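A short reminder: the numbers here are calculations on the coordinates, not readings from a lab. None of these values were measured; they are calculated from a predicted model. Glycine gets a Cβ as well: all are built from the backbone with ideal geometry, and neighbour counts include every protein chain shown.
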Amino acid sequence: MKYAVTAAAGRFGQGAVKVLNELVGAENVVVIDRNLEKAQGLYPNNEVRVGNYDEVASMEAALKGIDKVLFISSQPGGKVDRATAQKNVVDAMKKNGVKFVAYTSFPHAQTSKSALAEDHRITENAIKDAGIAHSFLRDNWYLENEIGFLKSGVADQPALYWANNKAGWALEGDYSEAAAKVLASENSKEIYELAGASRSYEELGEALKKATGNDFEIKQVSEDEYIKYLEKTGLDSATAAMFASFQAPINDGSLEENTNDLAEALGRPVTPIVESIKEVLAH
Ligand SMILES: NC(=O)c1ccc[n+]([C@@H]2O[C@H](COP(=O)([O-])OP(=O)(O)OC[C@H]3O[C@@H](n4cnc5c(N)ncnc54)[C@H](OP(=O)(O)O)[C@@H]3O)[C@@H](O)[C@H]2O)c1
């Protein structure tokens, strides 16, 4: 059985390949990335192939002889739009007779009203239409997204946010470990809504107080005030607006989750929140 991980040189890929190598042996794991040198440096014990989602021929060559694929979603805003680029990956898997794909998707991708869900919905549908057996790994928010909020607590400064509602933050490493375990499993489910326990920013801030031993203010401001605050920290206005927009899916309720899927996929409890915060801050 040959496994492959795409976009393998990113942070998610690195976590997943490490676990997959342990589970099935590095000799059975092909790593695919568009940056050959970077991937060769990271994975001296794996076969490394070049694969760029933007070019279907590149992905067709990269996926030759592969049975099971961990298909890691790319970032929006590339040269080729993400839905089109990811369709190339699906077409290449179909052409190569890939038997199973685990795809990193978005919470409740088929029904979510979040703008970020659309590419993932299109890719999930392309996988279904291609008739490839699959698991959709619908990852909730990475705790790493909140590095600015977490660092405020370390500095004993007010921790600011604007979004109402809750998110199921968990370590990116928990999601990537779960992804590798689902890929290696013989009897995975079709859909995993992967998330830590749902928390508000207020609750995340209380955990941050425990992790840092500091007693700072946790303060909700308007989205505009939040953007202005980010600009004052040195971000240009476009970057500040982009960072602020990461809270939109929390505010619109897209990331409230109440499943045990992450622990189930991990085969162990999700890393506790205070420990997770300490881990993010240690890197
Ligand atoms: N749920 C969340 O909170 C959350 C947060 C952030 C991201 N995400 C999603 O999770 C994915 C993995 O996250 P990550 O931390 O591993 O991100 P990352 O470190 O930025 O890695 C993304 C990887 O995708 C590769 N890539 C991008 N476009 C590609 C293309 N057209 N063809 C081939 N490879 C391409 C990148 O290659 P290069 O190094 O060459 O650019 C990189 O190796 C992201 O891509 C995004 O879809 C989710």
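Results, tabulated for the structure shown:
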read-out	value
Conditions (1) outside any loop (DSSP other than H, G, I, E, B); (2) closer than 25 Å to SER58 by Cα; (3) touching a strand residue (DSSP E or B) at 6+ places or on another chain (Cβ under 6 Å); (4) of a type outside the set (Asp, Glu): number failed by LYS128	(3)
Pairs, first within 15 Å of GLN40 (Cβ to Cβ) and free of Cβ contacts under 8 Å to residues at least 40 places away in the same chain in the range 5-16, second assigned to a helix (DSSP H, G or I) and within 7 Å of the ligand (Cβ to nearest atom), C-beta under 6 Å, six or more apart	ALA9/LYS38
From LYS128, LYS151, residue being more than 10 Å from the ligand (Cβ to nearest atom), farther than 24 Å from ILE191 by Cβ and of a type in the set (D, E, K, R)	LYS151
Some residue of the range 181-200 being in contact (Cβ under 8 Å) with a residue 24 or more places away in the chain, out of contact with any strand residue (DSSP E or B) (no Cβ under 9 Å at 6 or more places or on another chain), within 30 Å of LEU23 (Cα to Cα) and crowded, with 18+ Cβ neighbours inside 10 Å	yes
Filter pass, GLN247 being closer than 18 Å to TYR142 by Cβ and in contact with a Phe, Trp or Tyr (Cβ under 7 Å, 6 or more places away or on another chain)	yes
Subset of the range 154-172 [assigned to a loop (DSSP other than H, G, I, E, B) and within 14 Å of the ligand (Cβ to nearest atom)]	ALA163, GLY168, TRP169, LEU171
Matching helices (runs of 4 or more DSSP H) fully within the range 221-269 where at least 2 residues are exposed (fewer than 14 other Cβ atoms within 10 Å of the Cβ)	223-232, 237-245
